[in-house]
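Here is the structure we will look at, set down as structure tokens.
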Amino acid sequence: MGIGTNGTNTFNSNSNGAKIGGVAASSYSASTVALHAGRPEGQGQAVVGGIVQSTSFIQREVGEKVEYAYSRCSNPTVTELEVALGALENAPAAVAFSTGLAAETALFLTLLKAGDHVVVGETIYGGTIRLVQQILSRLGIEHTFVDTTEAVNVAKAIRPTTRLVFIETPANPTLELTDIAAVARVCKAAGVPLAVDNTFLTAVIQKPLDLGADICVYSTTKHIEGHSAALGGAVVSRDEGFLERLRFVRKSTGAIQTPLNAWLTTRGVRTLPLRVKQHAQSALHVARWLQAHEGITKVNYPGLKSHPQHELANRQHIGCLHGGVISFELSGGVPAAKRFLKSLSLITLAEHVGSIESIVTHPATMTHGDVPREQREAAGISDGLVRLSVGLEDPAEIVADLELALKAAALVEEEELVGVK
Ligand SMILES: *Cc1c(COP(=O)(O)O)cnc(C)c1O
């Protein structure tokens, strides 16, 4: 990455991707790349890479250049994950972090310093809002939250000191979309790099770098690991210079992924395309069912024709797949939503998305509980909104669980009408 005159961040795309059996990974489909990229290939090597827990690596001579020295800087188990994640986006090896927020923090510290400005999508992961508002601002890094569903809003918010635009699409938890290619054009014209949080769809369904973005950010905790068993984060880019600076920040702040969690996450990558496709197909089935239910006033899912940006969804998302996350509002508002959440038996109430099991969340009190009510409501997160991450259970059984809980929620409305407590 170049640092332009007057401190701007300039990006190159000098992609040199991974190889699988000597063939460029980019010539294979996502399922094959996910299964093979980064795996051991040598004669007599284990078919599955081991977990190298060692903190340190032997050096034969003082001053000799070694690939691995200390596991805060790099580790072979972490490298296997990084090669696999980079290969999925035709990029050099990714940089892996202990959590998604550690990845975002390192990204911000790499590109921003006191006096700089960052443009951030207003409907975005709650933890990202907290990081920008309560931590970056303390370091003298300014921000503007904008509605990125219109690229022109991004153009208007860019200042001479803007050094990064950070967006999330689909937005969490309203499932509004941002046109990545349109925002990328605005950013290119202004000479500002664009980062996209691609956690909800992953490279299987959306490839921001191919649409003109410079950086992809992931919470691998979600779909990529996918089994609710390991936290993690990753940054993918085709700019080697930027990746080098990012690795320097990771080493300096101590945010690298652990070997065990890297190994678990790599195992998740191996089945990622298969899982993500099934999540998306089941989510469409559930979203259509919810839409037809009388107890539901609104369903947000990009795969529905009723979604205001359905046409953009079909253009931007690969294979007519739209992810595993749905959000919806109950006609009975907060009391009905509370009873509904309590009455589910198969679907788990937890703060999570993108895992094998179906999970519901109440964003207003859980993921976005720290976001001030006014800001929350402006971003479309009402108190009655429920987020559902559709898991890999039989879709008919997911629907059956929702149906019973919606019946219980409807009773709350009736009780209120007759004044029962
Ligand atoms: C969970 C999440 C994060 C943060 O990731 P952690 O691994 O929990 O730190 C960031 N962005 C999105 C969209 C997320 O869902």
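The values are calculated or read from the model by the stated rules, or taken from the named source; none is laboratory data. Bear in mind that the values here come from a model prediction, so they are computed numbers and not experimental data. Reconstructed Cβ throughout: ideal geometry from the backbone, glycine too, with neighbour counts over all protein chains shown. Note: accessible area is taken over every heavy atom of the protein model, side chains too, but ligands, DNA and RNA are not part of it. Shrake-Rupley method; radii C 1.70, N 1.55, O 1.52, S 1.80 Å.
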Subset of region 351-365 (residues that are over 20 Å from residue 276 (Cα atoms) and open to solvent by less than 50 Å² (accessible area, probe 1.4 Å)): 362, 363, 364
Pairs with Cβ under 9 Å, 6+ apart, first in region 207-223 and over 25 Å from residue 355 (Cβ atoms), second near the ligand (Cβ under 9 Å from one of its atoms): 213/198
Some residue of region 246-262 being farther than 30 Å from residue 47 by Cβ, open to solvent by less than 60 Å² (accessible area, probe 1.4 Å) and within 16 Å of the ligand (Cβ to nearest atom): yes
Residue 148 vs. criteria closer than 23 Å to residue 306 by Cβ, hydroxyl-bearing (Ser, Thr, Tyr) and within 16 Å of the ligand (Cβ to nearest atom): yes
Odd one out for residue 149 among (1) buried (at least 24 other Cβ atoms within 10 Å of the Cβ); (2) out of contact with any strand residue (DSSP E or B) (no Cβ under 8 Å at 6 or more places or on another chain): (1)
Spans of strands (runs of 3 or more DSSP E) in region 87-178 with at least 3 residues more than 20 Å from the chain's Cα centre (by Cα): 142-146
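Counting only residues that are within 13 Å of the ligand (Cβ to nearest atom) and touching a residue at least 40 places away in the same chain (Cβ under 8 Å), which one in region 179-202 is surrounded by the most Cβ atoms within 10 Å (Cβ to Cβ)?
Taking region 179-202 first, the residues within 13 Å of the ligand (Cβ to nearest atom) are 195-202.
Going one step further and asking which of them are touching a residue at least 40 places away in the same chain (Cβ under 8 Å), we end up with 195, 197, 199-202.
Working: 195: 25, 197: 25, 199: 26, 200: 27, 201: 26, 202: 29.
In this case the residue turns out to be 202.
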Qualifying position, being away from the ligand (no atom under 16 Å from the Cβ) and either at positive phi or polar (S, T, N, Q) (or both), among 174, 161: 161
Region 126-147 residues that are over 13 Å from residue 111 (Cα atoms), paired with ones that are within 12 Å of the ligand (Cβ to nearest atom) and assigned to a loop (DSSP other than H, G, I, E, B) (beta carbon under 7 Å, 6 or more apart): 126/367; 126/368
